[in-house]
Amino acid sequence: MTNDTARRWRLARLCVATGSLLVLLAVQHTLVGLVADRFQGPANAGVVIVAAVLGMVAIREVVGLVARRFHGPQAVIWRNLSAWILYALLALWLASAQGLDLSGLLLGGAVVGVVVGTASQTSLGNFFAGLVLMVAQPYRVGAAVRLRSALVGGAEYEGTVIDQGALYTTLRGSGGEIVKLPNSAVVTSALVLGAPPLQAAVDLELPAQTKVDLLLERLRGRLGNGAEISIEPQGFKAGEEDRLLCRLQVRSVASVPPGAIAEALLEGLDIASRAHVAA
């Protein structure tokens with residue numbers, strides 16, 4: 001069975017279950033009134049059971065349809081959370097349809113909700129921000145991202161997303177370090193997507209006469225065409241020998257060993273220096 005066929009069957013079962021549930025609740029009292037008085041209690045209970053089964057089928061199908069968008073831990077979190085919330089709402093709806101007074105329960109739940117929400121405001125903020133990220137999906141696990149957020153002091157973080165949890169998003173930096181960022185900071189960040197992962201970032205002090213274009217050409221030749229290499233000027237240091245302050249960045253989808261970067265850099269500097277002397 002193809003994915004499109006399975007999705008159509010899910011939609012069909014969802015529509016049938018939802019429609020049957022609404023019709024059953026609409027004619028519930030009429031159906032119960034058709035039986036003798038002594039059997040109305042069991043008949044009413046039977047209607048509730050059938051309505052509960054139909055509601056559970058509808059919830060299972062809608063959760064399955066939505067969870068198809070997610071992968072790995074995201075799918076598990078979304079499926080469990082949404083299913084239990086919808087089951088609780090279904091139980092309240094069926095209880096209300098039976099004429100039960102839920103005012104005391106709702107009032108107690110509201111008071112508990114206020115207390116819990118105040119005590120765990122930060123955690124709840126991260127949790128709901130995680131839900132927003134799971135639904136919007138601005139990136140997936142394995143994507144390279146660069147972000148800057150005022151909630152983390154305006155610092156910039158860059159790395160490969162290795163986990164997207166309910167409270168934290170985890171990145172692996174270019175040096176192998178693991179960074180856990182609160183989802184509330186990620187959801188309010190400026191995100192840069194699509195660039196290859198940063199493999200190395202090195203601060204350099206080059207002689208002012210260094211032929212930077214020749215150095216870049218040599219680095220690209222040694223590290224391969226798949227690597228994106230840039231040298232960005234950061235400042236100038238005057239002295240007996242003027243120095244150009246630069247930052248070298250190596251980006252590549254494939255892993256680049258630090259040793260290879262160091263060897264290519266030393267060789268490139270040597271060639272650039274000899275070219276300057278020859279000139």
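Just so it is clear, none of the values below were taken in a lab; they were calculated from the coordinates. The model shown is predicted, which means the values in this text are computed figures rather than measured ones. Glycine also receives a Cβ, built like all others from the backbone with ideal geometry; neighbour counts cover every protein chain displayed.
Numbers below:
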| quantity | calculated |
| --- | --- |
| Rounded, prolate or oblate (a/c below 1.5 giving rounded, otherwise prolate when a/b exceeds b/c) for region 127-177 by Cα gyration tensor | oblate |
| Highest to lowest packing among 31-41, 11-21, 162-172, scored as the average C-beta count within 10 Å | 162-172, 11-21, 31-41 |
| Dipole of region 138-242 [Lys/Arg +1, Asp/Glu -1 at C-beta], most positive-end residue of Gly235, Tyr157, Thr210 | Tyr157 |
| Under the Karplus curve 6.51 cos²θ - 1.76 cosθ + 1.60, θ = phi - 60°, whole-Hz ³J(HN,Hα) for region 12-28, x wherever Gly or Pro sits | 5, 5, 5, 5, 5, 5, 5, x, 5, 5, 5, 5, 4, 5, 6, 9, 4 |
